[in-house]
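Every read-out reported here was derived from the displayed coordinates using simple, explicitly stated rules and does not represent laboratory data. Note that the coordinates shown come from a computational prediction; the quantities given were computed from them, not determined experimentally. Methodologically, a virtual Cβ is constructed for each residue, glycine included, from the backbone with ideal geometry; neighbour enumeration extends over all protein chains shown.
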Amino acid sequence: MTSSTETISGIGTERAEIKAQYKKFIGRKILFIISSLILIFIIAGVAATLGSYPITVTEVYSIIFHGLFQNAGTNKEIAVWNLRLPRILMGISAGVGLAIAGTMMQGILRNPLASPFTLGIASGAGFGAALAIILGAGVVAGEYLIIGNAFIFALIPTFVIIGLTRYKRATPETMILAGIAMLYIFSAATTLIQYFAEPEAVKAVVFWMVGSLGKASWDAILPVSIVLAVCVPLLMWKSWDVNVMGAGDETAKSLGVNIERTRITVMIIASLLAAAIISFTGAIGFIGLVAPHMCRMVIGGDNRFLIPASGLFGAALLLVADTIARTIIAPVILPVGVITAFMGGPLFLYLIMRRRREYW
Amino acid sequence: MKLKVKEVEFSYASVPVLKDVCIELAESEMLGVVGPNGAGKSTLIRCIDQILVPQKGNILLDNRDIKEMRLMELAKKVGYIPQSTSQIFPATVFDTVLMGRRPHLGWRSSEKDTGKVLEMLQLLNIEEFAMRDINELSGGQQQKVFIARALTQEPDVLLLDEPTSNLDIRHQLEVMDIKKNIVREKELSAIMAIHDLNLASRYADRIIMMNSGEIFSAGDPVSVLTPDNIKRVYGVEAEVNNNNGKPYIVPIRPVRQNGNDGRS
């Protein structure tokens, strides 16, 4: 081999150089994660000042700080603590959850188009909500009828997909095609019940499906954050195996990864995550698809870094979108789902045009 | 014997692909598996690495049945080198080679793993590509990355699936020389499925010729790569010349297929 003829010192410096480059690459990934985190704090601070009741950025931070120790008293405190903060926190949770669910779905299915939408989760949730709104019927009764129904129906596509893999191998192609089939079935079912419904109910269904943070409250944040706290660490733990699966099923198997089990486990966790969020906010589109791709362009495909990066970046993106939704034609507040799609669509097109190769 | 394949049978949806295959592989031996398309070469390689699970028969590694091993355990002993990449999302060469440490590490990669990766990059002379994306490299460079990845697994047996089919002649020789040297120096055993009979003749210690899922002939290159065998298995009339003690095959023309017992 030619390298063995090189002098020892030559090899040493070369190694040190690669090591330094590698460390620098990791440093860049960490920097991106930290920047996204700072960005979230800044946008959240700005977002909390906006609204019908004028409050400055410094005031907001001091109100939030004081509110940690005592109950909200003044009008400003109530506006921040009871209205704006829940909305912001819900935005952050939804952004983190949807982006991470999208990242992992793309990873295990090795497909850049995989997202909570293409796998039928959003349309399942939409049907569940429509059923509850129009017929007032559902699996869960009472105040949480819409949320509970949306959540349960959101999980049906995933369980159908996984059920199919008992009869056919759990290949990415099978799973994606099955997901798209579920998407169409649930969309058709939703259209059908809308066709026979009262106009008011149809309007409510349409609004629900666009997705908004308007229903955010402390009661909603608690369950969503519990789901996040359980699912995200589990997905992080699987990140190495998902990295290896990126090299192809055969290579992954030869490296000791049980690909079919990993694929199904990750699919269930990511679906739970997406379903929990969508059932509270409605189907906020594009975050789960765009955030992972944008992060891959900057920091590469290593899921150990990509999961936190796209989660935080997705949260920042959703907060920006919601801030625009609240201010662009104030006092009318648009549903955030409209803005994410309007913002995400052209942005995504631009990225596709700009990329150098067939992949990021 | 390092590896023993005993009476292995495999079928895809009841179409038999491997029938009663028996192979023995010694230490530091390079075994070439040749045969026409669909003869079962790749299937055999995949069965040995449990990528496919044979319906019948046993595969013994150091006298232990691989069916009783956990996937991670097998991955520490057998390294698989694919033909080409199917990476869709970006991955640097460094990270690709680091994947070879998966069977050995937990969640975090340590200095030792990084050191192993650097060592292999240097061994294969691909340090300059370390931070490049794997998809940007040529077929020959990718093969070297896959060899490096397989070696960081620290395996005893290497499996090569058509290692030269995407390469130009210079890279074919380069990659095969590297493999041959590694098998010698690291005392590994290797099985390669290969189409090119002349490369097989030149680099394999022993050759197995397969036809329709069965072993048609086995032995050293001279005894396997005969005009008669090639005619019966491939349906090709060929001239076999002696090239420094190794057979050199010049294919001449396909034989007309009437009652050819090579392709039942």
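Every helix of 4 or more DSSP H residues in chain B counts as -39500 (n - 2.57), and over all residues that averages to -9000 deg cm²/dmol at 222 nm. In this simple spin-label approximation, B:SER138 and A:ALA16 carry label points 7 Å from Cα along the Cα→Cβ vector, and these lie 3.2 nm apart.
Sorted fewest first by neighbouring Cβ atoms within 10 angstrom, A:PHE32, A:PHE151 come out as A:PHE32, A:PHE151.
May I ask what percent, to the nearest 5, of DSSP beta bridges between residues of the protein assembly as shown are antiparallel?
On the way: 29 of 46 bridges.
Counting only bridges with both partners in the protein assembly as shown, antiparallel ones make up about 65 percent.
A cut-off under 14 angstrom between Cβ atoms defines the neighbours of A:PHE32, and their net charge, with Lys, Arg +1 and Asp, Glu -1, is +4. Taking a point 7 Å from the Cα of B:TYR12 along the Cα-to-Cβ direction, the residues of segment B:189-218 with backbone N closer than 13 Å to it are B:213. Spatially, segment B:36-82 and segment B:176-251 are offset by 21 Å when compared through their Cα centroids.
Here the spin labels are modelled as points 7 Å beyond Cα on the Cα-Cβ line, and at A:PHE41 and A:ASP219 they lie 3.3 nm apart. Relative to the longest principal axis of the Cα atoms of chain A, helix A:336-354 runs at roughly 30 degrees.
Solvent-free Debye calculation, one equal scatterer per alpha-carbon of the protein assembly as shown: log10 I(q)/I(0) at 0.09, 0.12 Å⁻¹ equals -0.81, -1.17. Extension gain, B:GLN55-B:CYS22: 0.36 nm per intervening residue step, less the Cα-Cα distance, totals 10.4 nm. Once backbone amide H atoms are built at 1.01 Å from N, B:ARG132 has B:VAL93, B:PHE94 as its partners under 5 Å, excluding neighbours fewer than 5 places away on the same chain. Which whole-number percent is the relative contact order of chain B (Cα, under 8 Å, 6+ apart)? Rounded, it is 24 percent for chain B. A Förster radius of 35 Å combined with the Cβ-Cβ distance from B:ASP168 to A:LEU351 puts the calculated FRET efficiency at roughly 0.50. How much net charge surrounds B:GLY219 when only the other residues with a Cβ under 14 Å from the Cβ of B:GLY219 are counted, with Lys and Arg +1 and Asp and Glu -1? Around B:GLY219, the surrounding residues sum to -3. Of all lysines in the structure, those lying under 16 Å Cα to Cα from A:LYS253, and not within fewer than 8 positions of it along the same chain, are A:LYS238, B:LYS67, B:LYS76, B:LYS77. For helix A:287-299, what angle does its Cα long axis make with the longest principal axis of chain A, in degrees from 0 to 90 and rounded to 10? Taking the Cα atoms of chain A, the angle to A:287-299 is about 30 degrees.
Would you order B:LYS41, A:LYS23 from fewest to most other beta-carbon atoms within 10 Å of each residue's own beta-carbon? All intermediate terms of the calculation are to be shown ahead of the outcome.
Working: B:LYS41 25, A:LYS23 11.
Ascending Cβ contact count within 10 Å gives the list A:LYS23, B:LYS41.
Couplings for segment B:133-143, taken from phi via the Karplus curve 6.51 cos²θ - 1.76 cosθ + 1.60 with θ = phi - 60°, read 7, 4, 6, 7, 8, 6, x, x, 5, 4, 4 Hz in order; Gly and Pro are left as x. For A:ALA216, nonlocal amide neighbours, meaning residues 5 or more places apart or on other chains whose placed amide H falls under 5 Å from its own, do not occur. Relative to its Kirkwood radius, the Cα radius of gyration of chain A gives an Rg/Rh of 1.03. What are the aspartates and glutamates whose alpha-carbon lies under 13 Å from the alpha-carbon of B:LYS144, with same-chain residues fewer than 8 places away excluded? By straight Cα distance, B:LYS144 reaches B:GLU127, B:GLU128, B:GLU174, B:ASP177.
Suppose R0 equals 51 Å; then what is the FRET efficiency for A:ALA188 and B:LYS76 from their Cβ-Cβ distance, rounded to the nearest 0.05? Before the final figure, lay out the partial values.
Details: r = 50 Å, r/R0 = 0.99.
Computed FRET efficiency for A:ALA188 and B:LYS76: 0.50.
Seen against the Cα atoms of chain A and their longest principal axis, helix A:57-67 is set at about 80 degrees.
Remark: segment A:177-189, residue by residue, has Karplus-estimated 3J(HN,Hα) of 4, 5, x, 5, 4, 5, 4, 5, 4, 5, 4, 5, 4 Hz, where x stands for each Gly or Pro and the curve is 6.51 cos²θ - 1.76 cosθ + 1.60 at θ = phi - 60°. Here the calculated FRET efficiency for B:ARG253 and A:LEU31, from their Cβ-Cβ distance with R0 = 56 Å, stands at 0.30, rounded to the nearest 0.05.
Residue-wise HN-Hα couplings along segment B:12-24, as the Karplus relation 6.51 cos²θ - 1.76 cosθ + 1.60 with θ = phi - 60° gives them from phi, are 8, 6, 6, 8, x, 10, 10, 10, 6, 8, 10, 9, 10 Hz; Gly and Pro carry x.
Take every Cα pair under 8 Å whose residues are at least 6 apart in sequence, average their separation, divide by the length of segment A:205-360, and the relative contact order is 31 percent.
Sort B:THR164, A:THR56, A:THR340, A:THR165 so the one with the fewest other Cβ atoms within 10 Å of its own Cβ comes first. Before the final figure, lay out the partial values.
Working: B:THR164 25, A:THR56 10, A:THR340 29, A:THR165 17.
In order of increasing Cβ crowding within 10 Å: A:THR56, A:THR165, B:THR164, A:THR340.
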